[in-house]
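J.: Below you'll find the structure I mean.
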Amino acid sequence: MIRILIICILVWCSFPAQANDTALKLIEQVKSKSTNPDTVDLSPLKFDVQNKSLRIELYDWAADATNNQTSLLKGLQHESHPTYCQKASYTKRLINHLRLLGNSETAEAYQANKKMAQEAIALTLEEMKKHSEDVAASANNKITKEVAYRWSMGQLSKGKSQFLFQLGLDEKLNEATWYYVQDQMKMVMCEHDLETANWLTNLLNKEDWLNRTEYSEETDDRLAELVSRHYDHDFVEAISWRMERLSLSGKTSTENLALVKQHLSFTNAQTTAILEQFGQNVGAFFMCH
């Protein structure tokens, strides 16, 4: 009996160590960025009691990594700034995921919430793309269709929360999942806006402008809107000088030139405010949305 009891105690005591080993391997995998921060199963970090400290450790690591990767924005909460897309997307997505985990009461609820959120994000993107394809359908050639599509996605990006309401997701999702979806959509659309900005840079390095006399007033207006949303201040400033020349011959409207200059003024004011508040010039910048 004593021998059996000793064996049972040894076996029982081995369970926490095995669970911790599993959790430690999970932590190592996540930190190495060899997994998808949206879909990885983080449940061992909460629902195995002995691993709860590891969840806090991982959250702190992700928060520190995000802050280090976005150090030029220290003290500011601009999750739509392209720096998040370029450098901190992985850790920011992981933070959002850890919050969902923390807000889920049981392992079953966590898995259900994660699945529900992934489906909601996929549905939202699908509907946004369908809407933008419908907008682009009326354009008369390949380049104007591309401008129309990207312009429409940008408009939906700015009003993404309203779009979620239009899809009725506020009624279908529980509170934890609803806020997670909104946080993840910020990252998804920031990445899309960044890709559009890079596409726009390539386009306007090849083309002087898609002017309203050769293309259409609508294309001119949409292109100006895309320029005003570009994250690179120097690029926008250079295009504004080009637009000044084009406006003299009616190839772009004075209203579109004013729109771009207004955004330049706004970011210049942001730069001044940051310099005064933090004592360092981080450079003018735009937020994606």
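J.: Does Val30 count as among the aliphatic types (A, V, I, L, M), open to solvent by less than 80 Å² (accessible area, probe 1.4 Å), within 17 Å of Gln111 (Cα to Cα) and touching a residue at least 40 places away in the same chain (Cβ under 8 Å)?
T.: Details: among the aliphatic types (A, V, I, L, M): yes; open to solvent by less than 80 Å² (accessible area, probe 1.4 Å): yes; within 17 Å of Gln111 (Cα to Cα): no; touching a residue at least 40 places away in the same chain (Cβ under 8 Å): yes.
Here the answer is no, as Val30 does not meet what is asked.
J.: Kindly provide the set of residues from the stretch 110-136 that are touching a residue at least 12 places away in the same chain (Cβ under 8 Å) and farther than 20 Å from Glu175 by Cβ, ordered by number.
T.: Taking the stretch 110-136 and keeping what is touching a residue at least 12 places away in the same chain (Cβ under 8 Å), we get 110-111, 113-114, 116-118, 120-121, 123-125, 127-129, 131-133, 135-136.
Correct list: Leu125, Glu127, Met128, Lys129, His131, Ser132, Glu133, Val135, Ala136.
J.: Follow-up. Check whether at least one residue in the stretch 193-203 is in contact with a Leu (Cβ under 9 Å, 6 or more places away or on another chain), open to solvent by 20 Å² or more (accessible area, probe 1.4 Å) and free of Cβ contacts under 8 Å to residues at least 40 places away in the same chain, and report yes or no.
T.: Among the residues of the stretch 193-203, not one is in contact with a Leu (Cβ under 9 Å, 6 or more places away or on another chain), open to solvent by 20 Å² or more (accessible area, probe 1.4 Å) and free of Cβ contacts under 8 Å to residues at least 40 places away in the same chain, which makes the answer no.
J.: So, in the stretch 180-206, how many residues would count as being within 22 Å of Leu264 (Cα to Cα) and more than 16 Å from the chain's Cα centre (by Cα)?
T.: 7
Condition check ((1) polar (S, T, N, Q); (2) within 30 Å of Tyr110 (Cβ to Cβ)) across all residues:
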{"residue": "Leu164", "(1), (2)": "no, yes"}
{"residue": "Leu200", "(1), (2)": "no, no"}
{"residue": "Arg222", "(1), (2)": "no, no"}
{"residue": "Ser228", "(1), (2)": "yes, no"}
{"residue": "Arg245", "(1), (2)": "no, no"}
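J.: Something else about it: Would you list the helices (runs of 4 or more DSSP H) that sit entirely within the stretch 83-171 and hold 1 or more residues that are of a type in the set (Val, Ile, Thr) and closer than 13 Å to Gln184 by Cβ? Walk me through it before giving the result.
T.: On the way: elements: 89-102, 107-136, 142-158, 160-166.
Passing ranges, in order: 89-102, 107-136.
J.: If you go through the stretch 213-251 one residue at a time, how many are open to solvent by less than 50 Å² (accessible area, probe 1.4 Å) and in contact (Cβ under 8 Å) with a residue 12 or more places away in the chain?
T.: The initial filter retains those residues of the stretch 213-251 that are open to solvent by less than 50 Å² (accessible area, probe 1.4 Å), namely 216, 219-220, 222-230, 233, 235-236, 238-240, 243, 246-247, 250.
Still in the running and in contact (Cβ under 8 Å) with a residue 12 or more places away in the chain: 216, 219-220, 222-230, 233, 235-236, 239-240, 243, 246, 250.
Qualifying residue count, the stretch 213-251: 20.
The values are calculated or read from the model by the stated rules, or taken from the named source; none is laboratory data. This structure is a prediction, so every number in the text was calculated from the model and none was measured. Reconstructed Cβ throughout: ideal geometry from the backbone, glycine too, with neighbour counts over all protein chains shown. Ligands, DNA and RNA are excluded from the accessible area calculation, which covers all protein heavy atoms including side chains. Shrake-Rupley method; radii C 1.70, N 1.55, O 1.52, S 1.80 Å.
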